[in-house]
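Novice: I have a structure I would like to understand better, so I am pasting it below and will then ask my questions one at a time.
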Amino acid sequence: EHLRVLLQEAVAQPNESVARLPLLTTAERHEILVAWNATRAPFPEACVHSLFEAQVRREPEALAAVFEGTELTYAQLDARANQLAHALRRRGVGPEVRVALSVERSLDIVIGLLGVLKSGGAWVPVDPLLPRERLAFMMEDSAAQVLVTQQALVDRFPEGLRGRALCLDIERGALAEESTDAPTTGVTPANMAYLLYTSGSTGTPKGTAVEHRSVANLVTHEAVAYGIGPSSRVLQFASLSFDLSVEEVFTTLCNGATLVLAPLEKLMPGAPMPVLLREQHLSVVSLTPAALAATSSEGLPEVRTVISGGEALPADVVARWAPGRRLINTYGPTEATVIATFGEVGADGNVPSIGKPLANVRVYVLDPYGQPVPVGVRGELHIGGVGVARGYAGRPSLTAERFIPDAFSSTPGARIYRTGDVVRWRADGQLDFIGRIDAQVKVRGFRIELGEVENALRAAPAVKDAVVLAREDAPGDKRLVAYVVGEALDVSALRAYLKQHLPEYMVPAAFVSLEALPLTSNGKVDRKALPVPDVGLLRASHAYEAPSSPLEEKLAALWSEVLRVPTVGRTDNFFELGGHSLLATQLVARVRAALDVELPLRALFEAPTIAALAEKLQRTATGTRLPPLTRTRTDGPQPLSFAQQRLWFLDQLAPDDASYNLPVALRLLGRLDVEALRRSFEALVARHEALRTTFFEHEGQPFQRIHAPAAWALPVEDLSSLDDAAREAQTLRLATREARQPFHLVHGPLLRTALLKLSADSHVLLVTMHHIVSDGWSMGVLIRELASFYEAFSGGRAPTLPPLPVQYADFALWQRQWLQGETLDAQLGYWKRQLAGAPSALELPTDRPRPPVQSRRGATVPVHFPSELTDSLRGLAQREGATPFMLLLSAFQLLLSRYSGQDDISVGSPIAGRTHSEAEGLIGFFVNTLVLRARVRPEDSFRQLLSQVKASTLAAYEHQHVPFEKLVEVLQPSRDLSRSPLFQVMLVLQNAPAEALRVPGMAFQPIPLEGNSSRFDLALTLFEVPQGLTGFLEYSTDLFDASSVQRLMGHFAVLLSSLVARPDTRISALPLMTAAERQQLLVEWNETDVAFPRDTCIHHVVAQQARSAPDAIAVRMGERSVTYAGLDAWAHGLAVQLHAAGVSRGDRVAVLAERSPELVAGLLAVLKVGAAYVPVSPGVPPERLAFMLEDSAASVLLTQHHLRPSLPALSARVLSLEMETSTIRQPLPVAEVGPEDLAYVIYTSGSTGKPKGVAVHHRALMNLV
């Protein structure tokens, strides 16, 4: 049909350019241009803040926003925003005036956004983590008149811009004085609402100006599409620099819903995110596909709508998130006001479309000549309608290039935006996204112009030319790769240079050095010819240099095997290639086996390159070697390893304790061969003796009994008849019950498996082992071998795993035989010296008193540190020749020291314990626990602390063979059932080989099981993942609340950030608190200003009382009473005597009296004469009285008549307090006393043994009373 149309038009217009001859029939053209763009719908021609204000009037007490337990109703948020708006108006803000907004995640986000709009201005989101050069450019380019920020962020901005800052935190008091009514601004829907910067192809960011009416259309029709209304709770996930934040904030607040904000650590994809979604009862979330891919979709029944945007949505993410809720895929560039098209997608296995246009948005798919293309044909997407932005601020030529006249619209002056995205129509009017036609890419949701990165690279020293690609060589792992031409390139220096000029997300993940860039025949760079980055060379910061001797070649081969990189050069650094202490231990075992040399672990840190290590090995004589691990045992009962013996002992004390269970729950998606899975477990148990071992006691000693291989049962429970909600609930209940079911060490088995059938293509596998036969490393072995067995059995083949050289019982016997006599004494000697005098307890502040017996009741909270921080930590560790674990341990011990007030901190940490290569493939309990002690000296810098911890950790590794159980037995710490011996806090950096369970035709998803036990007060477990460091903090619920340990981890994050930035600062000066906490503790909780009579003195107030109520009782003691008039006259008379005795303003007068009216009259008399009283207790020792009189320079002592005989000889004049009967009020000519004069000097005991006098003035006393 298209050929017919083309021929017809060619005959009719033979002179027309062939590119302009139409293909479409009249009906197709109408369908594509008109019918599929029939999106006209009413929307309010109003400003965004006006829509919000309508909600305020409708439901003022409805909940508008929540952050960390702090809430704002619509009325409260409106009032706070109005107050900010008035302050901005006074600074000259009005229509078309730009206001930079740079705040940390908090309620200040919504206050700031609304405050700017209500002042008539347009907000410019500015990320404070951007390089200073880019911050300065954005502030200058946007011409922002005001910077709305927070005090902690001001220093990030160039000094010349700080004068424009309005800090919401420190000016909170001033803002509270502003009017809560909305100011009059004259702003209209045609004015700018915001200016948002995105990456620019020329190397310069460009600011897109968006008007109010565009946002009004967006929030009106998104609310309908997403189902957002007064009962919705919507997550605020996106950074303000990402335009998805506009829809999150304003679609929520303009439609009566509740916006839920959270700190960054709780928003991290992976473990933290589901916890937040559950705790906050969120119903609508908008996340990038990368965030969805990294986050579990399980156990979120209240999340009814999930919106994906920012980049292409993979089908496997749809398969996980679509079932049981609405999943909406959205598309839209910043230039089209966030969202242009959207569509609901289902888990059908197909690549999801980007849907159809939003109301009042038109979309055209055009060829390079501006002609519409048929269904199924690729073209560039152009967007028209209300959502089209005004253009690029200050860039008229670029605006004209990208925003072109709409040739298909009947509206005069209508424009369309050329997106540069390649799409195609589906037959049903939906759009498929294909890719980019230019060099703009999206990585992790960030839009990046590759030209900007390339320009920054070309400006770097030693770089001649550069090309940057976004590569996805492994599915789901899209990253920037830089191909660089230059001489003597130092990748570390190049990366550091780029971080000074570009945001973190624009710095390439890998750098490939080339002699020249490959070119096509017409002289352009041939991007398709650029090589796939070599994993081994990516991390190296220098050119490859081949090994130069047989020893170096052998070492390089061992490194390659351990580090899993294809090539290793003689100058490559073990730790830069991804090595850490666990891999270093593996390498030591391989060096021992291959070269017959005992290599101390410390040597690898001292000589971390092939060349340096080879030289060290040649110089060093062979040390004391570990005896080989071989199969030497006889049949019959076998001894336990030391670690097993301790667990046996603990099991005898608490036989029903499940805290040493190691549970795993896996969701299996796909056609499962149940019999093949059963046979796989049967083969696994036959292969590993530890899995068919039980324990018994003979003559008071425990032994292990290894049973013969037998048939394995895999019980299956069918839940497929239940409805979705009941099935999920029952699955979680059964998985949790299984995980918490105790084992019986005598009867066994110590491995349990069960299978839950959810449907024909969905099962849940439950695997639980007791720690006495397994550990974390063993889980990796189990998964790897289980996958191998299953693949063989399901394919009808025999398994091909090589036989194991030894079994766990061989290791237990080897350990018992080797670790005794002189060997044990030498190892123990180190630990005795290292732990001598260590405190037995770490006294952390707890929420509840410690129970007399440790119950092991516990819970966990998720922990996450983002990749930017993790990369910085890794960089600092490398520069200091330490591992990431050593750095984290140093920081953790510093944190514990600051919390406990102790400077001697011992922390436990597990070590794999597999010092022989023969043990690497075994399932068994090898892991040992090391006690790592640090002396935290406040005057040290963090570098010094890290150096100390590095040395003690390396020494601990060299003496790791002493089992923790043996250490406890020998050191005999004081017996305390309320806490674990030697340490109460553990740190784990989990970098054991992680095995992904890969089987053809099957997909696997771990199901997180919430722990309910804790063996220690605290145990922090972290995993290194591409997103940074993630994990959990296990804590004793007897001692701590969840909020307390979450706060502890928040402080840990602040401490890590500060020590990376200032490693040479004294550790006592490194901050722990967030800016918000400091504001709360130092400012908010000290907002105690109230009016009081600050300009008078206490005796003036008493005199005034005597004049106003002379007959009122002032003092009563038993039957005695004195009126105010009488007291005033009495004190006046005494004051006259004091004045006659030479006392004047500023002097000190001692008053020694029992509790009595005389005491009160004496104190008042001293004040009336202008002096300060010095109270002295009767019966005070003579030498103390003499010291106080001399130290205070008191020349007169007032006392009661009956106490005078007891006084020692004094240099001071002594006067009586008793009332004289004179009826004539004599004048008292004293100088005027003010509020800054002293009222009294009171003595307290001094630490030196001498009392010290505290001087207090009248104003402080007036405030008190």
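The values are calculated or read from the model by the stated rules, or taken from the named source; none is laboratory data. A quick note: this is a predicted structure, and the numbers were derived from the prediction, not measured. Don't worry about glycine lacking a Cβ; one is built from the backbone with ideal geometry, like all the others, and counts go over all protein chains shown.
Novice: May I ask you to list pairs of residues, at least six apart or on different chains, whose Cβ atoms are under 7 Å apart, with the first in segment 845-856 being assigned by TED's automatic domain parsing to the domain that holds PHE1016 and over 13 Å from ASP976 (Cα atoms) and the second being surrounded by 13 or more Cβ atoms within 10 Å (Cβ to Cβ) and modelled with pLDDT under 90?
Specialist: Note: no pairs meet the criteria.
Novice: For segment 123-141, which positions are under 19 Å from ASP243 (Cβ atoms) and either touching a His at 6+ places or on another chain (Cβ under 9 Å) or not assigned by TED's automatic domain parsing to the domain that holds ARG91 (or both)?
Specialist: Result: ARG134, single match.
Novice: Is there any pair linking a residue in segment 217-228 that is outside the structural domain of ASN255 (by TED's automatic domain parsing) to one that is modelled with pLDDT of 95 or more, with Cβ under 9 Å and at least six apart or on different chains, and which?
Specialist: The qualifying pairs do not exist here.
Novice: Using the structure shown, decide if ALA951 is in contact with a strand residue (DSSP E or B) (Cβ under 6 Å, 6 or more places away or on another chain), assigned to a helix (DSSP H, G or I) and not assigned by TED's automatic domain parsing to the domain that holds ALA690.
Specialist: no
Novice: Next question. Write out, first by first residue and then by second, each pair whose Cβ atoms fall under 6 Å of each other, whose residues are 6+ apart or on separate chains, and whose first residue, in segment 595-611, is in contact (Cβ under 8 Å) with a residue 12 or more places away in the chain and among the acidic types (Asp, Glu) while the second is assigned to a loop (DSSP other than H, G, I, E, B) and surrounded by fewer than 20 Cβ atoms within 10 Å (Cβ to Cβ).
Specialist: GLU598/GLY623; GLU598/ARG625
Novice: Then there's this: Give the residue that is surrounded by the fewest Cβ atoms within 10 Å (Cβ to Cβ), with candidates limited to residues of segment 404-427 that are under 30 Å from VAL97 (Cβ atoms) and under 40 Å from the mean Cα position of the chain (by Cα).
Specialist: ARG418
Novice: Here's another thing I want to ask about it. Among the listed residues LEU282, LEU292, identify the single one that is touching a residue at least 40 places away in the same chain (Cβ under 8 Å), buried (at least 19 other Cβ atoms within 10 Å of the Cβ) and either of a type in the set (A, V, I, L, M, F, W, C) or within 22 Å of ALA225 (Cα to Cα) (or both).
Specialist: After ruling out the rest, the residue left standing is LEU282.
Novice: I'm checking my understanding of the structure. Among residues of segment 424-455 that are assigned to a loop (DSSP other than H, G, I, E, B) and of a type in the set (Asp, Glu), which one is modelled with the lowest pLDDT?
Specialist: So the first thing to find is which residues in segment 424-455 are assigned to a loop (DSSP other than H, G, I, E, B), and the list is 426-430, 437-439, 444-445.
Filter once more, keeping what is of a type in the set (Asp, Glu): 428, 438.
Working: ASP428: 93, ASP438: 69.
Among them, the one singled out is ASP438.
Novice: Starting from segment 36-58, take each residue that is without any contact (Cβ under 8 Å) to a residue 60 or more places away in the chain and list its partners that are of a type in the set (Val, Ile, Thr) and part of a helix (DSSP H, G or I), counting only C-beta distances under 9 angstrom and pairs at least six apart or across chains.
Specialist: PRO42/THR220
Novice: Here is a follow-up. With the condition being assigned by TED's automatic domain parsing to the domain that holds PRO263 and surrounded by fewer than 20 Cβ atoms within 10 Å (Cβ to Cβ), I'd like the strands (runs of 3 or more DSSP E) fully within segment 41-112 carrying at least 3 qualifying residues.
Specialist: Of the strands (runs of 3 or more DSSP E) lying wholly inside segment 41-112, those with at least 3 residues that are assigned by TED's automatic domain parsing to the domain that holds PRO263 and surrounded by fewer than 20 Cβ atoms within 10 Å (Cβ to Cβ) span 70-73.
Each row is one residue, and each column tells you yes or no for (1) in the same structural domain as ARG1120 (by TED's automatic domain parsing); (2) without any contact (Cβ under 8 Å) to a residue 60 or more places away in the chain; (3) over 22 Å from ALA1129 (Cα atoms).
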| site | (1), (2), (3) |
| --- | --- |
| ALA1153 | yes, no, no |
| GLU1158 | yes, no, no |
| ALA1161 | yes, yes, no |
| GLY1170 | yes, no, no |
| HIS1201 | yes, yes, no |
| ALA1231 | yes, no, no |
| LEU1238 | yes, no, yes |
| TYR1243 | yes, no, yes |
| LYS1250 | yes, no, yes |
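Yes/no per residue for (1) buried (at least 20 other Cβ atoms within 10 Å of the Cβ); (2) among the charged types (D, E, K, R); (3) modelled with pLDDT of 90 or more; (4) outside the structural domain of GLN701 (by TED's automatic domain parsing):
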position: ARG752; (1), (2), (3), (4): no, yes, yes, no
position: MET779; (1), (2), (3), (4): no, no, no, no
position: GLU785; (1), (2), (3), (4): yes, yes, yes, no
position: ARG797; (1), (2), (3), (4): no, yes, yes, no
position: ALA809; (1), (2), (3), (4): yes, no, yes, yes
position: LEU835; (1), (2), (3), (4): no, no, yes, yes
position: PRO839; (1), (2), (3), (4): no, no, yes, yes
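Novice: Name the one entry in PHE892, PHE885 that is in the same structural domain as SER1068 (by TED's automatic domain parsing) and over 19 Å from ARG1062 (Cβ atoms).
Specialist: Result: PHE885 is the single residue among PHE892, PHE885 that is in the same structural domain as SER1068 (by TED's automatic domain parsing) and over 19 Å from ARG1062 (Cβ atoms).
Novice: Of the residues that sit in segment 1143-1202 and are assigned to a helix (DSSP H, G or I) and touching a His at 6+ places or on another chain (Cβ under 7 Å), which one is surrounded by the fewest Cβ atoms within 10 Å (Cβ to Cβ)?
Specialist: Only one residue tops the list, namely LEU1164.
Novice: Could we say that LEU168 is surrounded by 14 or more Cβ atoms within 10 Å (Cβ to Cβ), under 16 Å from ALA85 (Cα atoms) and among the hydrophobic types (A, V, I, L, M, F, W, C) here?
Specialist: yes
Novice: Hey, another quick one. Would you point out the residue of segment 1115-1135, among those that are outside any helix (DSSP H, G or I) and of a type in the set (Gly, Ala, Ser), that is surrounded by the most Cβ atoms within 10 Å (Cβ to Cβ)?
Specialist: Restricting to residues being outside any helix (DSSP H, G or I) and of a type in the set (Gly, Ala, Ser), the top hit is SER1121.
Novice: In addition: Taking segment 760-810, which residues are touching a Phe, Trp or Tyr at 6+ places or on another chain (Cβ under 6 Å) and part of a strand (DSSP E or B)?
Specialist: Within segment 760-810, HIS770 is the sole residue that qualifies.
For every residue, the table says whether it meets (1) at pLDDT below 80; (2) not acidic (Asp, Glu).
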residue: PRO475; (1), (2): yes, yes
residue: LEU480; (1), (2): no, yes
residue: ALA493; (1), (2): no, yes
residue: GLU504; (1), (2): yes, no
residue: LEU514; (1), (2): no, yes
residue: LEU537; (1), (2): yes, yes
residue: THR567; (1), (2): yes, yes
residue: ARG570; (1), (2): no, yes
residue: GLU576; (1), (2): yes, no
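Novice: Within the bounds of segment 867-874, is there any residue that is surrounded by 13 or more Cβ atoms within 10 Å (Cβ to Cβ) and β-branched (Val, Ile, Thr)?
Specialist: The answer is yes; a qualifying residue exists.
Novice: Separate question: Taking the condition surrounded by fewer than 18 Cβ atoms within 10 Å (Cβ to Cβ), touching a residue at least 40 places away in the same chain (Cβ under 8 Å), closer than 30 Å to LEU887 by Cβ and over 23 Å from the mean Cα position of the chain (by Cα), does ASP1064 pass? Can you show your working first?
Specialist: Working: surrounded by fewer than 18 Cβ atoms within 10 Å (Cβ to Cβ): yes; touching a residue at least 40 places away in the same chain (Cβ under 8 Å): yes; closer than 30 Å to LEU887 by Cβ: yes; over 23 Å from the mean Cα position of the chain (by Cα): yes.
Answer is yes for this residue.
Novice: So which residues in segment 1-40 are under 26 Å from GLY355 (Cα atoms), assigned to a helix (DSSP H, G or I) and among the small types (Gly, Ala, Ser), if there are any at all?
Specialist: Of everything in segment 1-40, those that are under 26 Å from GLY355 (Cα atoms), assigned to a helix (DSSP H, G or I) and among the small types (Gly, Ala, Ser) turn out to be ALA27, ALA35.
Novice: Would you mind stating whether PHE1032 is crowded, with 21+ Cβ neighbours inside 10 Å and out of contact with any Gly (no Cβ under 7 Å at 6 or more places or on another chain)?
Specialist: For PHE1032, the condition - crowded, with 21+ Cβ neighbours inside 10 Å and out of contact with any Gly (no Cβ under 7 Å at 6 or more places or on another chain) - is met.
Novice: Which residue is surrounded by the most Cβ atoms within 10 Å (Cβ to Cβ), if the candidates are limited to segment 1078-1114 and must be of a type in the set (Gly, Ala, Ser) and not in a helix (DSSP H, G or I)?
Specialist: Among those that are of a type in the set (Gly, Ala, Ser) and not in a helix (DSSP H, G or I), it is ALA1114.
Novice: So, in segment 307-355, how many residues would count as being buried (at least 22 other Cβ atoms within 10 Å of the Cβ), of a type outside the set (Gly, Ala, Ser) and either under 31 Å from the mean Cα position of the chain (by Cα) or closer than 21 Å to VAL275 by Cβ (or both)?
Specialist: Adding up the residues that qualify gives 14.
Novice: Now, a different point. Residue check, GLU843 against (1) surrounded by fewer than 20 Cβ atoms within 10 Å (Cβ to Cβ); (2) assigned to a helix (DSSP H, G or I), all met but one. Which one?
Specialist: Among (1) surrounded by fewer than 20 Cβ atoms within 10 Å (Cβ to Cβ); (2) assigned to a helix (DSSP H, G or I), the lone unmet condition for GLU843 is (2).
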